[in-house]
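**Student:** Got a structure for you, questions after.
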Amino acid sequence: MNLHEYQSKRIFAAHGIPIPKGEVATTPEEARAIAAQLGGRVVVKSQVLVGGRGKAGGIKLAHDADEAETLADAILGMTIKGLTVKKVLVDEAATIEKEIYLGAVLDRGRRRVVLMASSEGGVEIEQIAAETPEKIITVAVDPFLGLHDYEARQIADGIGLPRQHHNAFIKIAHALYRTYIECDASLAEINPLVITGDQRLVALDGKIALDDSALFRHPDLAELRDPDEEDESEREARRHGLSYIHLDGEIGCMVNGAGLAMATMDIVKLYGGNPANFLDVGGGATAEKVAAALRVILHDERVKVVLINIFGGITRCDEVARGVLEARGTVNVDIPFVVRLVGTNEEEGRRILAEANLITATSLADAAQKAVAAAKG
């Protein structure tokens, strides 16, 4: 779950990271009032969950409140990478002497949270890694001992930060690490962290991505989800407890188990097809849940065939079959269904599907080949 810039920066501030003064506006008039209250120059920043806002014209500098209103009027309602801007952040402008990148992310290979920094702030970390990897300094934090001052100082030295800013940087590094841990984040980054003209370190931009699996521990953070920024199918899937990711293919996949879902998508690709989604209905899926999953898949108009691959351990194959027929009865589509059922009550499940004239398969390879053939046909 990704947070907006203004949400991320407020969380940073609560953990002791300096941020600019600013507020969120949903109308040009609100933007003008905020700019007037701040006084002087302000930055009007679109709040959408995509990168490249500046290049798209979604971040503008205003010299006074009147200009802030004009710019907010131009930015609100614009589309950036398919998302409509519905709110803007009006921040006090800063005089920038130096831009730095500082982020915390999980390194699964090392099984540690890694603090990363670069002297090239204001640029996406992927670009830095591709073009100048030597400019990225990393420290893997011991999960039991936490971040030490000397480790943060190593980072500061590595990016060539002037000594006068080391103490402030160490405090910010500690605060960023605490933010990451306490929020159960998968990413927390400040880009850029700047040295201002009056020699302060300030987080001008921020991004936090939360681990969805840990949101039950953070109801306050779960409430920050912006439904306007999500795909409608993903919202529907979440309401029914389904793991769903929208992809670009034409073969809709419904599988129980994440590993089996990945294997299903791989074998679809192997036989020349393209999955339209990742969808895991989980164990013990009822007919109602299967029907909801199929409605989510069939909401995508590009889907030409549905491939259902169920291993019935906890999940009963006859329940899945009834859910498939229930969904077909509620969604007005006429596309092929290829179903592979193996496990508990598989004979009953296959009988139910055969009576409804659905395509059945005895193996995953067989199912994938039939689905690809149906999609191409």
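**Student:** Across region 45-81, what is the total count of residues that are aliphatic (A, V, I, L, M) and either touching an Asp or Glu at 6+ places or on another chain (Cβ under 7 Å) or assigned to a loop (DSSP other than H, G, I, E, B) (or both)?
**Tutor:** Total satisfying the criteria: 6.
**Student:** How many residues, within region 92-112, are closer than 25 Å to residue 181 by Cα, open to solvent by 20 Å² or more (accessible area, probe 1.4 Å) and in contact with a helix residue (DSSP H, G or I) (Cβ under 7 Å, 6 or more places away or on another chain)?
**Tutor:** Number satisfying all stated conditions: 0.
**Student:** I'd like to check something: does region 22-35 contain any residue that is β-branched (Val, Ile, Thr), more than 26 Å from residue 228 (Cα to Cα) and surrounded by 22 or more Cβ atoms within 10 Å (Cβ to Cβ)?
**Tutor:** Checked region 22-35: no residue is β-branched (Val, Ile, Thr), more than 26 Å from residue 228 (Cα to Cα) and surrounded by 22 or more Cβ atoms within 10 Å (Cβ to Cβ).
**Student:** What's the total number of residues in region 150-186 that are surrounded by fewer than 17 Cβ atoms within 10 Å (Cβ to Cβ), of a type outside the set (D, E, K, R) and farther than 22 Å from residue 96 by Cα?
**Tutor:** Final tally of qualifying residues: 3.
**Student:** Moving to a separate point now. When the residues of region 48-73 are filtered to those that are among the small types (Gly, Ala, Ser) and surrounded by 16 or more Cβ atoms within 10 Å (Cβ to Cβ), which remaining residue is farthest from residue 8 (Cα to Cα)?
**Tutor:** Per the stated criteria, the residue is 65.
**Student:** Do you know which residues across region 19-36 are within 15 Å of residue 71 (Cα to Cα), within 25 Å of the chain's Cα centre (by Cα) and not in a strand (DSSP E or B)?
**Tutor:** Across region 19-36, the qualifying residue is only 26.
**Student:** Just checking: which of the strands (runs of 3 or more DSSP E) contained wholly in region 135-243 hold 2 or more residues that are of a type outside the set (A, V, I, L, M)?
**Tutor:** The qualifying strands (runs of 3 or more DSSP E) are 185-196, 206-210.
**Student:** Sticking with this structure for a sec: Which of the residues that make up region 187-204 are of a type in the set (Asp, Glu) and either open to solvent by less than 10 Å² (accessible area, probe 1.4 Å) or within 17 Å of the chain's Cα centre (by Cα) (or both)?
**Tutor:** Passing the criteria: only 189.
**Student:** Any idea how many residues of region 301-342 are open to solvent by less than 20 Å² (accessible area, probe 1.4 Å), in contact with a Leu (Cβ under 9 Å, 6 or more places away or on another chain) and more than 17 Å from residue 257 (Cβ to Cβ)?
**Tutor:** 7
**Student:** OK, next. So, in region 102-130, exactly how many residues are assigned to a loop (DSSP other than H, G, I, E, B), in contact with a strand residue (DSSP E or B) (Cβ under 7 Å, 6 or more places away or on another chain) and more than 19 Å from residue 202 (Cβ to Cβ)?
**Tutor:** The total comes to 1.
**Student:** So, in region 1-18, of the ones that are of a type in the set (A, V, I, L, M) and within 16 Å of the chain's Cα centre (by Cα), which residue ends up most open to solvent (accessible area, probe 1.4 Å)?
**Tutor:** Out of the qualifying residues, it is 1.
**Student:** Right, next: Within region 82-101, which residues are assigned to a strand (DSSP E or B) and under 26 Å from residue 202 (Cα atoms)?
**Tutor:** Correct list: 88, 89, 90, 91, 92, 96, 97, 98, 99, 100, 101.
The values are calculated or read from the model by the stated rules, or taken from the named source; none is laboratory data. The structure presented is a predicted model; accordingly, all values stated were derived computationally and were not measured. Every residue, glycine among them, receives a Cβ derived from its backbone with ideal geometry; neighbour counts consider all protein chains shown. These accessible areas exclude ligands, DNA and RNA; they are computed on the full protein's heavy atoms, side chains included. Shrake-Rupley method; radii C 1.70, N 1.55, O 1.52, S 1.80 Å.
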